[in-house]
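Colleague: This is the structure I have questions about; it appears just below.
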Amino acid sequence: MMSPATTASAPGAPPDERTINEAQVAAAIARCAAGERSALRVIYDIEAARMAGVARRMLRRQDLAEEAVQDTFMRVWRAARTFDPQKGAARGWLYAILRNCTLSILRDEGRFTDDEDIAEEAAPLTESALARLPETSALRRCLEQLDGQRRAAVVLAYVHGLSHAELAGKLGVPLGTVKSWVRRSLISLQECMG
């Protein structure tokens, strides 16, 4: 009995799924380079689930894996013109970008250890930032009205420069939660400050 790989490479045999996907991804990258947004969706439909699995194995956290995949697709869109099919496979190019994104996230996450007491560490950073604001400051008054964790997310992001992924790691919550907290807190601050 012949293996699938042997059968697919036999003369006159139909191409296997990987060959078809490779051709579709390569064509979609070329279309991305030409500015066709729908081509990015083609790549996403073919590769996103597999990419998320690879990222999850590397990062060991679903929220960070999702961020890595999103970052990968953003980079693919911006760098599609640099892809050269003569230098390598389209899927290999995609997964190299994914690998770089996951390594960047791992490097960023390396600042935080798992045994840190999240609440105790974030509170002094937040309070010190608030203490630097004048007591009559509208910003201080509005920040004090926010829930403690949401206030910490905003202060850590905008005063201390942490990314959403770093905030998720530091606060011990999913990435989507952090993004929602920051977005909703900024809306609350805008409304409070008039």
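Colleague: Condition test on residue 129, is it in contact with a helix residue (DSSP H, G or I) (Cβ under 9 Å, 6 or more places away or on another chain), surrounded by 17 or more Cβ atoms within 10 Å (Cβ to Cβ) and at pLDDT below 90? Walk me through how you get there before you give the answer.
Modeller: Numbers: in contact with a helix residue (DSSP H, G or I) (Cβ under 9 Å, 6 or more places away or on another chain): yes; surrounded by 17 or more Cβ atoms within 10 Å (Cβ to Cβ): yes; at pLDDT below 90: yes.
Here the answer is yes, as residue 129 does meet what is asked.
Colleague: Before we move on, is residue 35 farther than 25 Å from residue 175 by Cβ and at pLDDT 90 or above?
Modeller: Taking the combined requirement at face value, the residue satisfies it.
Colleague: Identify the residue in segment 165-181 that is of a type outside the set (Ser, Thr, Tyr) and surrounded by fewer than 18 Cβ atoms within 10 Å (Cβ to Cβ) and, among all such residues, is nearest to residue 137 (Cα to Cα).
Modeller: Of the residues in segment 165-181, the ones of a type outside the set (Ser, Thr, Tyr) are 165-176, 178-179, 181.
Now narrow it down to the ones that are surrounded by fewer than 18 Cβ atoms within 10 Å (Cβ to Cβ): 172-174, 176, 179.
On the way: 172: 30, 173: 30, 174: 32, 176: 30, 179: 26 Å.
Looking at residues that are of a type outside the set (Ser, Thr, Tyr) and surrounded by fewer than 18 Cβ atoms within 10 Å (Cβ to Cβ), I get 179.
Colleague: So which pairs qualify, if the first residue must be in segment 135-149 and farther than 16 Å from residue 190 by Cβ, the second must be of a type in the set (Ser, Thr, Tyr) and surrounded by 13 or more Cβ atoms within 10 Å (Cβ to Cβ), the Cβ gap must be under 8 Å, and the two must be at least 6 apart or on different chains?
Modeller: 148/126
The values are calculated or read from the model by the stated rules, or taken from the named source; none is laboratory data. All figures in this text were calculated on a predicted structure; none of them were measured in a lab. Glycine also receives a Cβ, built like all others from the backbone with ideal geometry; neighbour counts cover every protein chain displayed.
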